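Here's the structure we're looking at; comments come further down.
Read-outs throughout are calculated quantities, based only on the coordinates presented, and are distinct from any laboratory measurement. This structure is a prediction, so every number in the text was calculated from the model and none was measured. Every residue, glycine as well, gets a Cβ built from its backbone with ideal geometry; the counts of neighbours run over all protein chains shown.
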Amino acid sequence: MIDFRFVEKFIGFLEKLEYDLISWGFYDSSFSISEIQNILEKENYEEINSDWVRSKEEGYELEDLFSDLESNKLIYKISSFKNSNHEDHYRTRFGEGLRLIYRLKQRFKDNDWDSAPNLVSDIKCHLTTRKYPKFDQDFESCWLDLSPLCKNKNIQEKVFRALSSKTTARSSEPIKFAGFQRRAFNQI
């Protein structure tokens with residue numbers, strides 16, 4: 001099993017490669033597994049190379065990684081593009097999203113899809129690393145905020161408690177919430 005943090009870094013690496021091309025106006029860019037393999041071997045990407053070497057030592061191949069990323073819908077296989085080696089090409093959700101936005105058309109008739117003007121003339125974006133909220137709010141503190149707003153506290157507490165626990169065959173583990181979720185509970 002590959003580490004989630006490595007997957008996050010690897011997707012960030014792919015998005016950075018796409019971003020460099022997109023910033024020059026190449027919205028239809030994509031990459032093959034062999035192209036990424038060559039980049040990893042020739043360039044020194046310290047943030048992912050050590051983790052990738054460790055994964056390779058465990059028997060994980062780049063094809064496996066791309067297959068897992070594709071099956072989890074983190075990258076898309078571009079079926080219409082094959083290079084001279086007949087390799088599949090891929091694009092991240094970031095790259096595909098920007099490509100689709102850039103290709104939007106301003107249509108006024110049913111048959112003007114090929115001659116309609118573009119809705120977006122230029123895209124300027126800023127790519128940064130992902131940020132995740134802290135999930136540090138427990139059930140009790142969230143319930144203290146919610147209980148004054150409830151009309152039938154006993155039933156609503158049982159429902160909220162049931163929805164706030166991750167139940168498996170072996171145990172029931174409480175779910176922690178993020179601060180924005182706790183604030184949203186009060187608004188709903």
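Table for the structure above
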| item | result |
| --- | --- |
| Amide proton proximity set for Ile75, modelled H, under 5 Å, gap of 5+ | Glu70 |
| Calculated FRET value between Glu47 and Thr167, using beta carbons and R₀ = 41 Å, to 0.05 | 0.65 |
| Aspartates and glutamates with Cα under 16 Å of Lys16, excluding same-chain neighbours fewer than 8 positions away | Glu8, Asp28, Glu35, Glu43, Glu46, Glu47, Glu96 |
| Dipole of region 49-188, positive direction: furthest Cα of Ser50, Pro117, Ser164, with charges on the beta-carbon | Ser164 |
| Radius 15 Å from Cβ of Ile188, net charge of other residues (Lys, Arg +1; Asp, Glu -1) | +2 |
| Rounded to 10°, Cα long-axis angle of helix 46-57 versus longest principal axis of the chain | 90 |
| Along each principal axis, Cα extent of the chain, largest first, Å | 66, 56, 29 |
| DSSP loop trypsin sites (Lys or Arg not before Pro) with at most 11 other Cβ within 10 Å: longest gap in the chain | 1-72 |
| Order of Thr167, Thr128, Thr92 under a 10 Å beta carbon neighbour criterion, fewest first | Thr128, Thr167, Thr92 |
| Efficiency of FRET between Leu104 and Lys153 - r from beta-carbon atoms, R0 45 angstrom, step 0.05 | 0.35 |
| Over the chain: helical MRE at 222 nm, DSSP H runs n ≥ 4 each giving -39500 (n - 2.57), nearest 500 | -14500 deg cm²/dmol |
| Separation between Cα centres of region 147-167 and region 33-111, rounded to whole Å | 43 |
